[in-house]
């Protein structure tokens with residue numbers, strides 16, 4: 001997925017469904033999820049609702065262009081956010097479930 005990375009967060013109850021594609025078993029990758037719809041844009045990227053194809057669970061997927069983050073000088077902030085979210089678990093904060101490139 002050339003220069004983009006994804007952050008998967010456990011999400012809400014969205015009921016629509018988008019096309020399925022085939023993918024191999026293994027560590028999480030974008031092909032393991034169906035994109036349902038876009039839900040917003042943040043400082044570091046865009047966020048959409050996705051459904052894991054195997055379990056049918058819904059997650060929020062934050063995706064960003066690594067090259068653009070480096071050009072804007074926010075790569076350190078992105079890494080800081082990832083580090084922080086990987087260490088915490090709280091009912092009022094969205095939990096980090098997967099990361100991939």
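The values are calculated or read from the model by the stated rules, or taken from the named source; none is laboratory data. As the structure is a prediction and not an experimental result, all values here were calculated from the model. Cβ: placed from backbone, ideal geometry, glycine included. Neighbour counts: every protein chain shown.
How about the stretch 67-77: which of its residues are surrounded by 16 or more Cβ atoms within 10 Å (Cβ to Cβ) and part of a loop (DSSP other than H, G, I, E, B)? Once the filter is applied, which keeps residues that are surrounded by 16 or more Cβ atoms within 10 Å (Cβ to Cβ) and part of a loop (DSSP other than H, G, I, E, B), the stretch 67-77 yields only 74.
Per the listing 80, 37, the residue uniquely more than 17 Å from residue 101 (Cβ to Cβ), at pLDDT 90 or above, part of a helix (DSSP H, G or I) and out of contact with any helix residue (DSSP H, G or I) (no Cβ under 6 Å at 6 or more places or on another chain) is 80. Of all residues in the stretch 42-66, those that are part of a helix (DSSP H, G or I) and surrounded by fewer than 12 Cβ atoms within 10 Å (Cβ to Cβ) total 0.
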